[in-house]
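Chemist: Let me begin by handing over the structure; questions about it come next.
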Amino acid sequence: MNKDKMSLALAVLILTIIFIMFANPLAIVGVGERGVKVTLGRVSPQSFSEGVHFVTPFISKIKVMNVKTQKVNISTEVYTKDIQQAKISYVVNFNLQPENAYKMYRQVGMNYVDTILMPAVEGIIKDVVGKWNAQDLVANRASATKEILNKIQTQMKVRYVNVTSFQIIDIDYSDVFERAIESKVTAEQDALKAKNKTLQVQEEAKQKLISAQAEAQSMKIRATALSQNKALVEYEAVKKWDGKLPEYMLGNSIPFINLNNKK
């Protein structure tokens, strides 16, 4: 009798294990995931958090969706305002809104990245880049990047996706256009150097003119002073005298300075 009970219990256990293995009434939602419960094709209006969840075998199942931050590194072909073709390489970081995972599954499905996110990102990039001339886009990359990010965030927020960052990695134009830009930049730099040299020459000439005018004014003042003061003439002569008296004098020449003391 005991053997029959043991055999029955063992059979029940084995059947239970087989049932669990094939029916799978347990669903596990991992860290950084949300579960979406589907019962006979109907999506439950809630997102299931991390942990173990029970489902009705053969009737219900849980679809697991990733809500961690994800990154896409890709490139796309665009045209600028002046009809220059460019290859834009960029990185976009995003995550599925955890509380709206069931809505995403119900409206779009599991592959929402390729279905709605990337088409929206590429469309916005083409729209923004198309507003800039090719050379201006290079100089204003930060402004273009900010505008693209703002538009992506606005558009995707209502589609249950948070876009946390967007960055343009590279803007690649054709070799012919890039050489043309380099030549233009070189010409502009040479022109700036020439302009700076001209300004330098003009400034030096201006300084020389100011110096000459100052010297002329000084000479005029000194001449006026000398003509009006005989003692000052003698003083200026003494300043230039080397201390030697003339060895001889011709005719009635008078020394350049009166050495006699008058009483």
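Chemist: Take the residues in region 44-58 that are of a type in the set (V, I, T) and in contact with a strand residue (DSSP E or B) (Cβ under 6 Å, 6 or more places away or on another chain), then tell me which one is nearest to Q167 (Cα to Cα).
Modeler: V52
Chemist: Among the strands (runs of 3 or more DSSP E) contained in region 17-117, which hold 1 or more residues that are assigned by TED's automatic domain parsing to the domain that holds V128 and among the acidic types (D, E)? Give the derivation first.
Modeler: On the way: elements: 26-29, 33-39, 42-48, 51-54, 60-66, 70-79, 85-96.
Where strands (runs of 3 or more DSSP E) fall fully within region 17-117 and carry at least 1 residues being assigned by TED's automatic domain parsing to the domain that holds V128 and among the acidic types (D, E), they are 70-79.
Chemist: If I ask for residues that are without any contact (Cβ under 8 Å) to a residue 12 or more places away in the chain and within 23 Å of the chain's Cα centre (by Cα), which ones from region 58-109 would you list?
Modeler: E77
Chemist: Only residues that are under 20 Å from V113 (Cβ atoms) and exposed (fewer than 15 other Cβ atoms within 10 Å of the Cβ): list them for region 32-69, please.
Modeler: G32, K68, T69
Chemist: Looking at D127, D136 in this structure, which one is surrounded by fewer than 16 Cβ atoms within 10 Å (Cβ to Cβ), at pLDDT 95 or above and either out of contact with any Leu (no Cβ under 7 Å at 6 or more places or on another chain) or not small (G, A, S) (or both)?
Modeler: The match here is D127.
Chemist: Yes or no: D242 at pLDDT 80 or above and outside any helix (DSSP H, G or I)?
Modeler: no
Chemist: When you scan region 120-130, do you find a residue that is outside any helix (DSSP H, G or I), in contact with a helix residue (DSSP H, G or I) (Cβ under 8 Å, 6 or more places away or on another chain) and without any contact (Cβ under 8 Å) to a residue 40 or more places away in the chain, even just one?
Modeler: No; the residues of region 120-130 include none that is outside any helix (DSSP H, G or I), in contact with a helix residue (DSSP H, G or I) (Cβ under 8 Å, 6 or more places away or on another chain) and without any contact (Cβ under 8 Å) to a residue 40 or more places away in the chain.
Chemist: Among the listed residues Q189, Q213, Q155, identify the single one that is modelled with pLDDT of 75 or more, over 16 Å from V92 (Cβ atoms) and either touching a Ser or Thr at 6+ places or on another chain (Cβ under 6 Å) or in a helix (DSSP H, G or I) (or both). So that I can check it myself, show each step before the final result.
Modeler: Details: Q189 fails: modelled with pLDDT of 75 or more; Q155 fails: over 16 Å from V92 (Cβ atoms).
Exactly one of Q189, Q213, Q155 is modelled with pLDDT of 75 or more, over 16 Å from V92 (Cβ atoms) and either touching a Ser or Thr at 6+ places or on another chain (Cβ under 6 Å) or in a helix (DSSP H, G or I) (or both), namely Q213.
Chemist: Do you know which residues across region 1-54 are of a type in the set (D, E) and at pLDDT 75 or above?
Modeler: Hits for region 1-54 are E33, E50.
The values are calculated or read from the model by the stated rules, or taken from the named source; none is laboratory data. These numbers were taken from a predicted model, which means no experiment stands behind them. When we count neighbours, we look across all protein chains shown, and the Cβ atoms used for this are built from the backbone with ideal geometry, even at glycine.
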